[in-house]
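For reference, the structure is listed below as structure tokens.
The values are calculated or read from the model by the stated rules, or taken from the named source; none is laboratory data. Remember, it's a predicted structure, so these values are computed and weren't measured experimentally. No Cβ is skipped: glycine too gets one built from the backbone with ideal geometry, and neighbour counts run over all protein chains shown.
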């Protein structure tokens, strides 16, 4: 809203900045003073107080921190030419009440009231607080009153119409890229959750969602697009979302690093801090105490940062494979969040990099967390493959067990039947193996079994399938092998093991084997029959004195 009046007030005498000098309002031209909380001054009284009590700004960007008293600031702008349109812009989106006065040669010519305690005004041209003004020739005094419990960060800029438009376009492209990337990443992880049913993707989606809304609130896009008719939401949304961001980050970290099972004491610290944050959030919302809520949000950033970095560091130290990605992401995101929190709260000197640090940090963090999740998924898949492979293998010898043998045998057996191919099966048993265990112990018996498994793997041909069938029994499936060829192989194995010794530190053992052979025929066209036939001939070999091969004689 704009009002034109003709009240004369004193002019200021501390110098004027030309409206042609560039967009930044130089600190050397700015004076300010703080108003008492219990009395709102008129602009004329404020000007007088600035002349008598005002202080020069020591920084190019005024920053009065959290819960500061209302502040009046003033500066003069000089126009040496004809009337010129300029846009005065406060590049901050969360100030509660703003009153701006333009005085030309001591005469009030325009007054505007705005702030996010009011519904978003459709006349506002963007997410910041902008004040277009036709500067007449000569000096114009600009007087601004700011009242807000939120951090009073006041980046002041004066733009020409073209600069103002360029600033809008640049901002639109920048945040289009940022939000586009984050929303695409959010959708991707949500889809991964629905397809893989892994909760780590769900919690990361919550974490991304909380940051997207936090950033939208922080930059002013949320008030501009999402809750423009609810100033009461805008009044509390930033600290609420800061706390939600921290809570969702802690939950994601706990799930991603498996803290409950790996590091239960650290997980307990996460839970205690999360509980305290949640209680403070609910309590101060119920009490409608915005200042305490703000302090909780800004102070809570520090332990959140510490816990995230500690969790990543501990996991790295303990050898968690995906932890380096998490630690790198946490370091970038958390440090950037702390820098931004300290910058807007007035704890450190304001600069544009610090103000936007959280946006840069979260983009890098999002990339690293995405890589971490992908790496964790790959590890999980590798572990599943390894577990499946181990499930198919005998733990002692490394040969296939019954499950692995049956899985590989079925297509070989089916192909032999379907295409009328040669196939033979052997059952090999160590003679008097119980006696070896009884005399030398089971540890020595295991060495004998391992020695036999290695020898079989070395002696058999590519394509042959060998498995430990149980105890001291081994199964050998020989595809594309005629009966006579299988007999020759079996005889060679018996000879090899009858001249073979196993030596340990305490014992030397010479063992022999017995082998039964069966051949695939029309009469035994299922594997059970083939196995039963081989077992029958193994029994004959043992009955006939062991250390021999038995088979069907035509």
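The table that follows gives values for the structure above.
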quantity	calculated
Spans of helices (runs of 4 or more DSSP H) in segment 191-279 with at least 2 residues within 28 Å of residue 174 (Cα to Cα) and at pLDDT 90 or above	199-219, 221-225, 231-256
Candidates 266, 192, 196, 257, filtered to the one that is under 22 Å from residue 380 (Cα atoms), touching a helix residue (DSSP H, G or I) at 6+ places or on another chain (Cβ under 6 Å), surrounded by fewer than 20 Cβ atoms within 10 Å (Cβ to Cβ) and in the same structural domain as residue 358 (by TED's automatic domain parsing)	192
Unmet requirement for residue 320, which otherwise passes all of (1) part of a loop (DSSP other than H, G, I, E, B); (2) in the same structural domain as residue 201 (by TED's automatic domain parsing); (3) free of Cβ contacts under 8 Å to residues at least 12 places away in the same chain	(3)
Test: residue in segment 349-361 that is on the phi > 0 side of the Ramachandran plot, free of Cβ contacts under 8 Å to residues at least 60 places away in the same chain and outside any helix (DSSP H, G or I)	no
Residue that is without any contact (Cβ under 8 Å) to a residue 40 or more places away in the chain, in a helix (DSSP H, G or I) and out of contact with any strand residue (DSSP E or B) (no Cβ under 6 Å at 6 or more places or on another chain), where the choices are 370, 374	374
Subset tally (residues that are more than 21 Å from residue 338 (Cβ to Cβ) and in contact (Cβ under 8 Å) with a residue 60 or more places away in the chain) for segment 276-312	1
Of all residues making up segment 436-458, the number that are outside any helix (DSSP H, G or I) and either touching a helix residue (DSSP H, G or I) at 6+ places or on another chain (Cβ under 9 Å) or at pLDDT 90 or above (or both)	0
Any hit, segment 315-332, residues being modelled with pLDDT of 75 or more and touching a strand residue (DSSP E or B) at 6+ places or on another chain (Cβ under 8 Å)	no
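Conditions tested, residue by residue: (1) surrounded by fewer than 15 Cβ atoms within 10 Å (Cβ to Cβ); (2) on the phi > 0 side of the Ramachandran plot; (3) assigned by TED's automatic domain parsing to the domain that holds residue 153; (4) at pLDDT below 90.
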{"site": "21", "(1), (2), (3), (4)": "yes, no, yes, yes"}
{"site": "28", "(1), (2), (3), (4)": "yes, no, yes, yes"}
{"site": "39", "(1), (2), (3), (4)": "yes, no, yes, yes"}
{"site": "42", "(1), (2), (3), (4)": "yes, no, yes, no"}
{"site": "53", "(1), (2), (3), (4)": "yes, no, yes, yes"}
{"site": "58", "(1), (2), (3), (4)": "yes, no, yes, yes"}
{"site": "61", "(1), (2), (3), (4)": "no, no, yes, yes"}
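The rows are residues; the columns are (1) within 41 Å of the chain's Cα centre (by Cα); (2) surrounded by 14 or more Cβ atoms within 10 Å (Cβ to Cβ); (3) under 27 Å from residue 511 (Cβ atoms).
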| residue | (1), (2), (3) |
| --- | --- |
| 394 | yes, yes, yes |
| 428 | no, yes, yes |
| 434 | no, no, yes |
| 438 | no, no, yes |
